[in-house]
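Throughout, read-outs are computed from the coordinates displayed, never taken from laboratory work. Bear in mind the structure is a predicted one, so any value in this text is a computation, not a measurement. Glycine gets a Cβ as well: all are built from the backbone with ideal geometry, and neighbour counts include every protein chain shown.
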Amino acid sequence: MVKFLHRNSINLLFVCRQIYSETALLPYKLNTFVINCYHPRSIATFLNRRTSAQIKLMLDVTGQWAKRKPRRNELCDKRMSASEWLMCLRTQGDTAAEFWV
């Protein structure tokens, strides 16, 4: 779920193609993303639905446990760029399960 400070701030993107092409990536460049981690794949699922251009612009992404406090060495509750998150998740692969249990 994305929350905006001003509800109509994103509506500008739907006015015309020219404005859309010039401003479509601004929300990714200018915002901080906090992703609630309900499951180990929460962050990966969110980021895998983004384009490479969007990923490059997301410099402030935080994973936050939604229902419990994190255990030592867990990935959630860290602040990184989207590219760093993806790299970290890919390098851990299946062994990431020990961090998420």
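Tabulated results
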| read-out | value |
| --- | --- |
| Residue exposure sequence - 16, 88 - by fewest surrounding Cβ within 10 Å | 16, 88 |
| Calculated FRET value between residue 91 and residue 53, using beta carbons and R₀ = 25 Å, to 0.05 | 0.65 |
| Burial ordering of 84, 22, fewest other beta-carbon atoms within 10 Å first | 22, 84 |
| Cα-projected label distance for residue 31 with residue 62, points at 7 Å along beta-carbon direction, nm | 1.6 |
| Ranked list, fewest to most other Cβ atoms within 10 Å of each Cβ, for 61, 15 | 15, 61 |
